[in-house]
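One structure below.
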Amino acid sequence: MEKKTTSESHTILTELVLPNDTNMINNLMGGKLMYLMDVIGAVTAQKHTGRLCVTASVDNVSFKKTIPLGSIVTLEARVTRAFNTSLEVFIEVYAENIPNRIGKYKANEAFATFVAVDDMGTPVQIPAVEPETIKDKQMYESALQRRKLRLLFSGKKGEEKKTELNSFITKL
């Protein structure tokens with residue numbers, strides 16, 4: 001299976017924040033933002049794998065800055081690393097409010113993990129990733145650590161790994 005470059009999976013999604021997308025204080029609802037992040041993540045994963053992809057996990061979605069009604073939300077995503085059947089996607093969220101002259105700012109970011117599946121929902125092999133830029137290479141290298149942490153936190157690494165997790169946490 002041939003490798004694919006990070007730019008081949010790069011995806012951009014732009015939305016306008018409308019009244020139906022907001023909470024009681026006229027900011028984009030967190031659930032709506034997570035929905036958009038899941039959509040762009042799945043599209044990005046499918047572009048890389050050429051397969052249906054399902055969400056396996058999302059790391060730490062914290063809402064850093066509000067996105068008010070009338071703002072333009074731009075999400076950018078790319079595959080950072082592919083494993084056997086799963087891949088990590090990095091998603092960045094930017095907002096700008098043109099009528100109010102609020103320039104583009106970063107509102108959120110998260111890593112999501114997707115699994116490529118066949119028509120029966122069985123995980124399938126996927127192509128490796130070829131990082132291109134310095135940032136891509138850094139993300140690629142650090143993806144292995146993030147994956148290990150995800151597996152430890154999910155309990156998929158077993159009891160013997162709790163010592164490793166505790167050791168990591170103590171160092172923080």
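Which residues, counting only those in region 126-151, are of a type in the set (Gly, Ala, Ser) and part of a helix (DSSP H, G or I)? It would help to see each step written out before you state the result.
Initial filter on region 126-151 (of a type in the set (Gly, Ala, Ser)): 128, 142-143.
Residues satisfying the conditions are 142, 143.
In region 48-97, how many are in a strand (DSSP E or B), charged (D, E, K, R), touching a residue at least 60 places away in the same chain (Cβ under 8 Å) and surrounded by fewer than 21 Cβ atoms within 10 Å (Cβ to Cβ)?
Residues of region 48-97 in a strand (DSSP E or B): 52-58, 68, 72-82, 86-97.
Checking which are charged (D, E, K, R) leaves us with 76, 78, 81, 88, 92, 96.
Okay, now just the ones that are also touching a residue at least 60 places away in the same chain (Cβ under 8 Å), so 76, 78, 81.
When the remaining residues are screened for being surrounded by fewer than 21 Cβ atoms within 10 Å (Cβ to Cβ), the result is 76.
Total meeting the criteria: 1.
Taking region 143-156 as the range and being surrounded by 14 or more Cβ atoms within 10 Å (Cβ to Cβ) and in contact (Cβ under 8 Å) with a residue 60 or more places away in the chain as the test, the residues that pass are 143, 146, 147, 150. Only a single criterion out of (1) outside any strand (DSSP E or B); (2) in contact (Cβ under 8 Å) with a residue 40 or more places away in the chain; (3) among the aromatic types (Phe, Trp, Tyr) is not satisfied by residue 35, namely (2).
Take region 21-42 and flag every residue that is within 15 Å of residue 93 (Cβ to Cβ) and hydrophobic (A, V, I, L, M, F, W, C).
The answer is 28, 29, 33, 34, 36, 37, 39, 40.
For region 128-141: of the residues being surrounded by fewer than 18 Cβ atoms within 10 Å (Cβ to Cβ) and touching a residue at least 24 places away in the same chain (Cβ under 8 Å), which is farthest from residue 49 (Cα to Cα)? For region 128-141, the residue satisfying everything is 133.
Looking only at residues in region 43-73 that are of a type in the set (Ser, Thr, Tyr) and within 24 Å of residue 129 (Cα to Cα), which one is modelled with the lowest pLDDT? Explain how you work it out, then say what you get.
We begin by selecting, within region 43-73, every residue of a type in the set (Ser, Thr, Tyr); these are 44, 49, 55, 57, 62, 66, 71.
Applying the additional criterion that residues be within 24 Å of residue 129 (Cα to Cα) yields 44, 49, 55, 57.
On the way: 44: 98, 49: 97, 55: 97, 57: 92.
Out of the qualifying residues, it is 57.
Out of 12, 25, 40, one residue alone is closer than 29 Å to residue 131 by Cα, modelled with pLDDT of 95 or more and loosely packed, with under 15 Cβ neighbours inside 10 Å. It is 12.
For beta carbons closer than 7 Å, sequence separation of 6+ or different chains, a first residue in region 98-109 that is closer than 19 Å to residue 33 by Cα and a second that is surrounded by 11 or more Cβ atoms within 10 Å (Cβ to Cβ) and of a type in the set (Phe, Trp, Tyr), the qualifying pairs are 104/94; 105/94; 106/94; 107/94; 108/63.
The values are calculated or read from the model by the stated rules, or taken from the named source; none is laboratory data. Because the structure is a prediction, the values reported are computed rather than measured. Positions of Cβ are backbone-derived with ideal geometry, glycine not excepted, and every protein chain shown enters the neighbour counts.
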